[in-house]
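For reference, the structure discussed in these notes is given below.
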Amino acid sequence: MSDLGKEYRIAGVTVRKVQERYLHNVPPSFLYPAAASEELRAIEPRLSAVDMEEGRDALVVSIHTWLVRTPDHIILIDTGSGNDKERPRNPSFHHQTIPFLDRLRQAGVGPEDVDFVINTHLHVDHSGWNTVLEDGRWIPTFKNARYIFPRAEQEYYSSTASHNDVNIPSSGVYEDSVRPVIEAGLADFIDSAGGPFLDRFTFLPTPGHSIGHMSVLLESDNEAAIFAGDVMHHPIQVERPDLNTVFCEFLDQAAQSRRRVLEFAADNRAIYFSTHFPGSSAGYVTRDGEKFRWSYV
């Protein structure tokens, strides 16, 4: 699997995946605890080879950033989990040493070139590269960028209200990957209603997975795309939008947001840029009667 995805041209911009890492051997029963094993087995024959390990008994999950180039700006959507972070309660992301910034440079972008960093939400694997460790301090990685955070996320994760079992995997993220950006004066906030951004983007509220989760619509020249963060973690949820992951906090809202995104993607022939689907991580949602189906591009 390549560390640098292919380039997509849509709605007047180019989009490319910059890989951080893959998580392998993820048990389906862990990611989807409410699903019976026979329910998951019923979906398995329609999953792509890249979606599962060779034995077809465990899932593959991707962690990556979407690099978006408009005629005027360079934008990063979600920033993975980062290096050197103290994550003792989440060993998968503890003290990582991943050449992510080198991969970004391979795509022709240095950290100083980035104009905007958008975090769909503030979980461990979506905001880690917001900062890097320098002389014992966390400093913004993209020093010339404006960082865009959902306001509800910032307020929630800066308070004790977020201190619950669902958020244990993201312990420490606000302190080392969000607060230093705000203190540096580089943060802007999107209110819960969402709304337009730059000249061809719209923030779409998709709460549920997290309290203020925000997707990003791209629409121009009669073409559309959607970057929907953790609305879905795996193609399993295209067929079963009722299934929430173990990391979803507000379950009814999460399912409603998932169906809203699937309907938009299917009805507008919008390319779906996922944050955790493996392979190319991009594709189309189509309707099959009352069901949705997924195909990579």
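With viscosity set to 0.692 mPa s and temperature to 37 °C, compute the Stokes-Einstein D of segment 234-295, Rh being the Kirkwood radius across alpha carbon pairs; µm²/s, no decimals.
Working: Rh = 11.9 Å.
My calculation gives 276 µm²/s for D.
Charged neighbours of Val261, selected by a Cβ distance under 13 Å, balance to 0 (K, R count +1; D, E count -1). Where does the chain land at 222 nm, in deg cm²/dmol rounded to the nearest 500, when only DSSP H runs of n ≥ 4 count, each adding -39500 (n - 2.57), divided by all residues? After summing the helix terms and dividing by residue count, I get -4500 deg cm²/dmol. The residue list Tyr22, Tyr32, Pro207 was ranked by how far each Cα lies along the charge dipole of the chain toward its positive end, using unit charges on Cβ atoms, and Tyr22 comes out on top. Each residue, Thr14 and Ala34, gets one label point 7 Å from its Cα in the Cβ direction; the gap between the two is 4.2 nm. Protection proxy ranking, highest mean first, for peptides 248-256, 272-280: 272-280, 248-256, where packing is the per-residue count of other beta-carbon atoms within 10 Å, averaged. Calculated from the alpha-carbon coordinates, segment 4-133 shows an Rg and a Dmax of 16.8, 49 Å respectively.
Scattering from the chain was approximated by placing one identical point on each alpha carbon and applying the Debye formula without solvent; log10 I(q)/I(0) at 0.10, 0.12, 0.15 1/Å stands at -0.49, -0.72, -1.20. Close amide H pairs (under 5 Å, H built 1.01 Å from N) link Gln96 with Asp84, Lys85, residues at least 5 positions away or on another chain. Thr70 sits among other residues whose Cβ lies under 10 Å from its own Cβ, and their net charge, with Lys and Arg +1 and Asp and Glu -1, is -1.
For Ala270, what is the net charge nearby, where nearby means another residue's Cβ is under 12 Å from its Cβ and Lys, Arg count +1, Asp, Glu -1?
Values: positive: Arg269; negative: Glu219, Glu223, Glu263, Asp267.
Computed value for this residue: -3.
Here each label is just a point 7 Å from Cα along the line to Cβ, and for Arg287 and Asn25 those points are 4.3 nm apart. Taking amide H positions as modeled 1.01 Å from N, with prolines and chain starts lacking one, the residues under 5 Å from Ala224 and 5 or more places away or on another chain are Ile271. Under 16 Å from a label point 7 Å along Cα→Cβ of Ser220: give me every residue in segment 239-283 with its amide N that close. Counting only backbone N, you get 271. Take the Cα radius of gyration of segment 214-267 and divide it by 2.2 N^0.38 Å, N being the number of residues; the result is 1.16. If you look at the Cα atoms of segment 165-297, you get an Rg and a Dmax of 15.6, 51 Å.
Distance from the C-alpha centroid of segment 241-280 to that of segment 176-201: 22 Å, rounded to the whole angstrom.
The translational diffusion coefficient of segment 77-210, from Stokes-Einstein at 37 °C and 0.692 mPa s with a Kirkwood hydrodynamic radius over alpha carbon pairs, comes to 215 µm²/s.
Counting only protein heavy atoms and a 1.4 Å probe, tell me what percentage of the chain's accessible area is made up of carbon and sulfur. Taking all protein chains in place, the chain shows 47 percent carbon and sulfur surface. Close amide H pairs (under 5 Å, H built 1.01 Å from N) link Ile148 with Val117, Ile118, Asn119, Asp188, residues at least 5 positions away or on another chain. Rounded to the nearest 20, the size of the Cβ-charge dipole of the chain about its Cα centre is 420 debye, with Lys and Arg at +1 and Asp and Glu at -1.
Cross-link reach is defined here as a Cα-Cα straight distance under 18 Å, omitting same-chain residues fewer than 8 places apart; for Lys17 the lysines meeting it are Lys6.
The values are calculated or read from the model by the stated rules, or taken from the named source; none is laboratory data. Since this is a predicted model, take the numbers as computed values, not measurements. Cβ sites come from the backbone with ideal geometry, for glycine too, and all protein chains shown count toward neighbours. Surface accessibility is based on the protein's heavy atoms, side chains included, excluding ligands, DNA and RNA. Shrake-Rupley method; radii C 1.70, N 1.55, O 1.52, S 1.80 Å.
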